[in-house]
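Colleague: Before anything else, here's the structure in question.
The values are calculated or read from the model by the stated rules, or taken from the named source; none is laboratory data. Quantities reported herein were computed from a predicted structural model and do not represent experimental measurements. Using ideal geometry, Cβ is built from the backbone for each residue, glycine included, and neighbour counts are taken over all protein chains shown. Accessible surface is based on the protein model in full, side chains and every heavy atom, while ligands, DNA and RNA are left aside. Shrake-Rupley method; radii C 1.70, N 1.55, O 1.52, S 1.80 Å.
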Amino acid sequence: MQEALRRSPGDPVLLYDLAIVHALRCDRPRTLAALKAVAAAPGGLDPGAFRGFAFLSGDPEFRAIVAGIRSAHPPILASQPGFVLRAPGLFPEGMAFDPRTRRVYAGSASGRRIVWTDASGALRVLVPSKGGGLGFPAGMKVDPARDQLWVCSASSFGPGVVLSDATSGLLAFDLRDGHRVRAVTQTTAGFLNDLVVVPSSGEVLATNTSTGAVAVARPGATTTEDLLPAGSVPGANGIALDDRERFLFVAGGDGITRVDLRTRAFQRLERPPDVVDGSFDGLYFHRGTLVGVQNGVHPGRVVRLRLDATLGRIVGWEVLEAYAPWIETPTTGALDGDSLLYLANTQLRRWKPAGNGSTEGLVDVQVRRVALGGP
């Protein structure tokens, strides 16, 4: 990491990562020194909600650093109410949107089910608890051409949490009645986190956050293959496809990688030094830009990255929403034409996999809408 900083001095994400390394050792002086460098760097990275810095939560110097960052980057409130998932304690990580029916789908870590709502506000169940071998439901996407909902399903989540009755891999459910259409088990270890469906072929591409690989489920296959091998995109998470199905964009811990789907060649997107392109959870392609939810180096914000005409370089960026009072552990979203719907307050950090199911202190989950602008 020190070598990387010698190559890219002042890189805010590398400085943040360095602070995490020192925090793992509970090295207060070095952690605070690195965080002071983060505060002085561009990008507005905010360590205040990151659990790795919990040992500093009451430290006056740490609190002063966080307060200074937030003073220099005031709230940006751009979203409007979209939908509400009226059931405290869902703890959704992934969501999807069907523009034909105007339905929002969300997975529920609590109860291992998939629910949906629409403008009526009523909450309905598509996939009942553990239906079709559903484990922990992570990323999901609607495939309108085939009337299916694809979901990343994990049989383990966190230390000591193993679901013996769950499928690890990719599951497809019929949008009409919720029955399982396909199960594609993953052939390697790790956590499949988010996915995208290729409209023309029906292939499903999914990120493996644990290994840094990208998996592919081909039509008719019962097991996944590797599109990119382990280590290709460390911390692989959000994933997006351009409108012409030429390039795949994969969000990693430190930046975004572009994959040429014809050749499988991949490379990190170049970017100006003041752009923070690491740590995107949900990632979406919209009119030559990438939009997503950045929640690892910040308590949670919606960011847009502007690309050049070749889609090979980031040329600018903007924060669309940050420090909104309705934000609490935002994760993923879905495009609705020229707006982004996103899960604003999943409250996932309050989820206890072995908890007693209490909803005390929890609120309904908001799906907020951020306008992105048209042509």
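Colleague: Which of the residues belonging to the range 144-194 are in a strand (DSSP E or B) and polar (S, T, N, Q)? Reasoning before the result, please.
Modeller: Step one: filter the range 144-194 for residues in a strand (DSSP E or B), giving 148-154, 156, 162, 169-174, 180-185, 192-194.
Passing the criteria: GLN148, SER153, SER156, THR185, ASN193.
Colleague: Report, by residue number, each residue of the range 296-352 that is over 17 Å from the mean Cα position of the chain (by Cα), over 27 Å from VAL142 (Cβ atoms) and in a loop (DSSP other than H, G, I, E, B).
Modeller: ASP308, ALA309, THR310, GLY312, TYR323, PRO325, LYS352
Colleague: Let me ask another. Sort through THR359, THR331 and tell me the only one that's among the hydroxyl-bearing types (Ser, Thr, Tyr) and touching a strand residue (DSSP E or B) at 6+ places or on another chain (Cβ under 6 Å). Steps first, please.
Modeller: On the way: THR359 fails: touching a strand residue (DSSP E or B) at 6+ places or on another chain (Cβ under 6 Å).
Unique residue meeting the criteria: THR331.
Colleague: So for the range 225-242 (the condition being open to solvent by less than 30 Å² (accessible area, probe 1.4 Å), farther than 24 Å from THR289 by Cβ and part of a loop (DSSP other than H, G, I, E, B)), does at least one residue qualify?
Modeller: No: zero hits.
Colleague: Does the range 132-144 include one or more residues that are open to solvent by 40 Å² or more (accessible area, probe 1.4 Å) and either over 24 Å from ALA87 (Cβ atoms) or not charged (D, E, K, R) (or both)?
Modeller: Looking for residues that are open to solvent by 40 Å² or more (accessible area, probe 1.4 Å) and either over 24 Å from ALA87 (Cβ atoms) or not charged (D, E, K, R) (or both), one finds at least one in the range 132-144, hence yes.
Colleague: State yes or no: is LEU170 among the aliphatic types (A, V, I, L, M), touching a Gly at 6+ places or on another chain (Cβ under 9 Å) and without any contact (Cβ under 8 Å) to a residue 60 or more places away in the chain? Let's see the steps before the verdict.
Modeller: Values: among the aliphatic types (A, V, I, L, M): yes; touching a Gly at 6+ places or on another chain (Cβ under 9 Å): no; without any contact (Cβ under 8 Å) to a residue 60 or more places away in the chain: yes.
Here the answer is no, as LEU170 does not meet what is asked.
Colleague: Follow-up question, since we're still on this one. Scan the range 178-190 for residues that are within 19 Å of ALA96 (Cβ to Cβ) and either among the aliphatic types (A, V, I, L, M) or open to solvent by less than 60 Å² (accessible area, probe 1.4 Å) (or both) and jot them down.
Modeller: Kept after step one, since they are within 19 Å of ALA96 (Cβ to Cβ), are these residues of the range 178-190: 178-184.
GLY178, VAL181, ARG182, ALA183, VAL184, listed by residue number.
Colleague: What residue, of GLY296, GLY337, is at pLDDT 95 or above and among the small types (Gly, Ala, Ser)?
Modeller: GLY337
Colleague: Just the residues that are aliphatic (A, V, I, L, M) and not in a loop (DSSP other than H, G, I, E, B), please, taken from the range 34-55.
Modeller: Going through the range 34-55, the residues aliphatic (A, V, I, L, M) turn out to be 34-35, 37-41, 45, 49, 54.
Answer for the range 34-55, where residues must be aliphatic (A, V, I, L, M) and not in a loop (DSSP other than H, G, I, E, B): ALA34, LEU35, ALA37, VAL38, ALA39, ALA40, ALA54.
Colleague: If you go through the range 11-33, how many residues are surrounded by 14 or more Cβ atoms within 10 Å (Cβ to Cβ) and assigned to a loop (DSSP other than H, G, I, E, B)?
Modeller: Of the residues in that region, 2 qualify.
Colleague: Further, regarding this structure: Assess whether THR257 counts as being more than 20 Å from MET95 (Cβ to Cβ) and open to solvent by less than 10 Å² (accessible area, probe 1.4 Å).
Modeller: yes
Colleague: Another question, then. So ASP165 clears everything in (1) open to solvent by 50 Å² or more (accessible area, probe 1.4 Å); (2) closer than 21 Å to ARG103 by Cβ; (3) touching a Lys or Arg at 6+ places or on another chain (Cβ under 9 Å) except one condition, right? Which one?
Modeller: All conditions are met except number (2).
Colleague: Taking GLY82, is it open to solvent by 20 Å² or more (accessible area, probe 1.4 Å), touching a Lys or Arg at 6+ places or on another chain (Cβ under 8 Å) and either among the basic types (Lys, Arg) or outside any helix (DSSP H, G or I) (or both)?
Modeller: On the way: open to solvent by 20 Å² or more (accessible area, probe 1.4 Å): yes; touching a Lys or Arg at 6+ places or on another chain (Cβ under 8 Å): yes; either among the basic types (Lys, Arg) or outside any helix (DSSP H, G or I) (or both): yes.
Yes; evaluated as a whole, the condition is true for this residue.
Colleague: Ok, one more. GLY43 - would you say it is closer than 30 Å to ILE114 by Cβ and surrounded by 15 or more Cβ atoms within 10 Å (Cβ to Cβ)?
Modeller: no
Colleague: What number of residues in the range 195-223 are within 21 Å of the chain's Cα centre (by Cα) and either within 15 Å of ALA183 (Cβ to Cβ) or assigned to a strand (DSSP E or B) (or both)?
Modeller: 13
Colleague: Here is a follow-up. Counting only residues that are in contact (Cβ under 8 Å) with a residue 60 or more places away in the chain and open to solvent by 50 Å² or more (accessible area, probe 1.4 Å), how many does the range 262-277 have?
Modeller: 2
Colleague: I'm trying to understand the selection: among the residues of the range 103-123, which are closer than 16 Å to GLN366 by Cα, open to solvent by 30 Å² or more (accessible area, probe 1.4 Å) and of a type outside the set (Asp, Glu)?
Modeller: Matches in the range 103-123: ARG103, ALA119, SER120, ALA122, LEU123.
Colleague: Scan the range 308-316 and tell me whether some residue there is under 23 Å from VAL196 (Cβ atoms), of a type outside the set (Gly, Ala, Ser), touching a Gly at 6+ places or on another chain (Cβ under 6 Å) and in contact (Cβ under 8 Å) with a residue 40 or more places away in the chain. Show your work before the answer.
Modeller: Looking only at the range 308-316, we keep the residues that are under 23 Å from VAL196 (Cβ atoms), and these are 308-314.
Narrowing further to those that are of a type outside the set (Gly, Ala, Ser): 308, 310-311, 313-314.
Now restrict to residues that are touching a Gly at 6+ places or on another chain (Cβ under 6 Å): none.
Within the range 308-316, not a single residue is under 23 Å from VAL196 (Cβ atoms), of a type outside the set (Gly, Ala, Ser), touching a Gly at 6+ places or on another chain (Cβ under 6 Å) and in contact (Cβ under 8 Å) with a residue 40 or more places away in the chain.
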